[in-house]
Amino acid sequence: MSAEAAAGAGEPVLDVRELAKLYPLTRGIVVRRQIGSVRAVDTVSFTLRKGETLGIVGESGCGKSTVAKMLVGLEKPTGGRILYRGDDITRLSGRALKAVRRNIQMVFQDPYTSLNPRMTVGDIIGDVVGLNPEYVNRYPHQFSGGQRQRIGIARGLALRPEIIVADEPVSALDVSVQAQVVNLLERLQDEFDLSYVFIAHDLSVVRHISDRVAVMYLGRFAETGTEDEIYGHPTHPYTQALLSAVPVPDPGARTRRERILLTGDVPSPADPPSGCRFRTRCWKARERCALEVPALAVPEGFEQVTGPARHASACHFAEERQVVPED
């Protein structure tokens, strides 16, 4: 979908505001006391429109899956709000939560553990997607990984939801099967006018299926924009580093592209750096980066810019051209 088409997508169906999740760190065996907390998700905000796919991408441990679990009520947020069609569903439980789950379903990462091994396909779902109807009396262990994931997708669609939260739905599958499942998701989206929150660490898959993309680092969004904005004009150093590692099939383009090698490890979410969380690995980092938390907004100097270069980035120096660090 083009930037213009994405901007003119359907009405908002999901509005996430300042979402946060903290897990307590405790010490002791007999008497346990809290000694700190892990900020798995820290003030994440986004809007999902009808018929749109929002891709959330980032390294393992950045908080993507925690966001997914909070959206479907498997985890309770520590702070923030989740609005479904204007109604606050953040603290729902019991029957009220079950009613919302009819409209917001989840497709899990591992097709080998997300299905009940004691139930046949016919028990798990009422309508088989992309499978031979003769398989209805078979059990999950009798299917391949790709077939199991199709069963998982069919289970998610059984109640005719409006939103599908897909948490790494193809990461456990072979590349050829990944393409089949992604194509199936796109066909189902067109057929049922579904909205997707598609979570993955594979930038190529996210680019193929997403209308808008949010790049996540250590619990926060580093950059958000349309597919063309993020992949064609990345402004955050972390996004630039991620994209520089994506395999390129053209040998000529591969030799012309500069690879950005980040130094150091990802900081602990229990003790994140002050200011910008990426500053300890960033070649653009300056004193301001340690003192001020960068807002996720259009960079200074980009107010009058039009086109793909103008999108939100949580970097104090996003307007500067990319400078590759020396080895």
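The values are calculated or read from the model by the stated rules, or taken from the named source; none is laboratory data. Bear in mind the structure is a predicted one, so any value in this text is a computation, not a measurement. Don't worry about glycine lacking a Cβ; one is built from the backbone with ideal geometry, like all the others, and counts go over all protein chains shown.
Does T47 satisfy the criteria of being outside any strand (DSSP E or B) and among the hydroxyl-bearing types (S, T, Y)? Here the answer is no, as T47 does not meet what is asked.
Restricting the first member to the range 145-165 and to residues that are within 25 Å of R85 (Cα to Cα), and the second to residues that are part of a helix (DSSP H, G or I) and aromatic (F, W, Y), the beta-carbon pairs closer than 9 Å and six or more apart or on different chains are L157/F192; R160/F192; P161/F192; E162/F192.
The residue pairs whose first member lies in the range 265-291 and is closer than 15 Å to H236 by Cβ, whose second member is surrounded by fewer than 18 Cβ atoms within 10 Å (Cβ to Cβ) and of a type in the set (K, R), and whose beta carbons are closer than 8 Å, counting only pairs six or more residues apart or on different chains, are G275/R288. Scanning the range 79-99 for residues that are in contact with a strand residue (DSSP E or B) (Cβ under 7 Å, 6 or more places away or on another chain) and crowded, with 17+ Cβ neighbours inside 10 Å gives G80, I82, Y84, I89, T90. Considering the range 231-249, the residues that are of a type in the set (A, V, I, L, M, F, W, C) and modelled with pLDDT of 90 or more include one that is surrounded by the most Cβ atoms within 10 Å (Cβ to Cβ), namely L242.
Yes/no matrix, rows are residues, columns are (1) touching a residue at least 60 places away in the same chain (Cβ under 8 Å); (2) closer than 20 Å to R281 by Cα; (3) small (G, A, S):
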position	(1), (2), (3)
V206	yes, no, no
S210	yes, no, yes
A214	yes, yes, yes
G219	yes, yes, yes
G225	yes, no, yes
D228	yes, no, no
Y231	no, no, no
P237	yes, yes, no
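When we screen G252, G264 for residues that are at pLDDT below 95, part of a loop (DSSP other than H, G, I, E, B) and exposed (fewer than 13 other Cβ atoms within 10 Å of the Cβ), the only hit is G264. Of the residues making up the range 89-109, those that are in a loop (DSSP other than H, G, I, E, B) and either under 14 Å from A158 (Cα atoms) or among the aliphatic types (A, V, I, L, M) (or both) are I89, L92, R102, N103.
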